[in-house]
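The structure appears below as structure tokens.
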Amino acid sequence: MFSNFTVDWKESLLILLGLIIIILLYYVFNRKSIAEENHTRQLLKQQMEQSQNVPFINEEKRQATPQITQAYERLIILMERIDLHKLVVRITPISSLKQDYAMFLIQNIDQEYDFNISQQLYVSEEAWALIATAKQTIIQQILKMSLKNSITDANDLQRALLNINEANSVTDLAKNRLKQEFKSLV
């Protein structure tokens, strides 16, 4: 098939020369943008180095702006909506399978949490960690109950979850922390 194939060195050299010219023209026409990109990278690097040396602003100096107030309100509502008792009362079983009901409850918790995830910008790291812990604790309680052999269907799971008694639930702890933080801002 390639037995009649011959290489024309002149054409090959012309193609190679054409590629070199294209590369050189690209560099000549784009050298300003390449230089600007390198300069931007250097500036970003300097800014990052400088920002590491700047101490963080004290949280005590924060003031309750409308955005911060709204964030605290939304996070309190989040804790109310994922509170185990209120969640189970609000969300009825979708099928008779306890696994389906457990996954549906967890899905609702995840949606509520994801909807409010940006609010962590406005609260302390401790408060946000407490909110994340509350979410995980409630999910673990649901999963733990759903694995019990004595619970046979979704209605049994709903009743069992309603019978969980907690003196200081994780959602109550998170709400109290959020309230304390907000009071310190106003």
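General remarks:
- Region 16-67 - residue that is surrounded by 10 or more Cβ atoms within 10 Å (Cβ to Cβ), assigned to a helix (DSSP H, G or I) and touching a helix residue (DSSP H, G or I) at 6+ places or on another chain (Cβ under 8 Å) and, of those, modelled with the highest pLDDT: Gln67
- Which listed residue is surrounded by fewer than 17 Cβ atoms within 10 Å (Cβ to Cβ), free of Cβ contacts under 8 Å to residues at least 24 places away in the same chain and at negative phi, from Ser184, Ser150: Ser150
- All conditions but one from (1) modelled with pLDDT of 75 or more; (2) surrounded by 10 or more Cβ atoms within 10 Å (Cβ to Cβ) apply to Glu11; the one that does not is (2).
- Some residue of region 124-146 being in contact with a helix residue (DSSP H, G or I) (Cβ under 7 Å, 6 or more places away or on another chain), aromatic (Phe, Trp, Tyr), farther than 13 Å from Leu84 by Cβ and touching a residue at least 60 places away in the same chain (Cβ under 8 Å): no
- Members of region 94-111 that are surrounded by fewer than 13 Cβ atoms within 10 Å (Cβ to Cβ) and either among the acidic types (Asp, Glu) or within 20 Å of the chain's Cα centre (by Cα) (or both): Gln107, Gln111
The values are calculated or read from the model by the stated rules, or taken from the named source; none is laboratory data. Predicted, not measured: the structure shown is a model, and the values here were computed from it. Glycine gets a Cβ as well: all are built from the backbone with ideal geometry, and neighbour counts include every protein chain shown.
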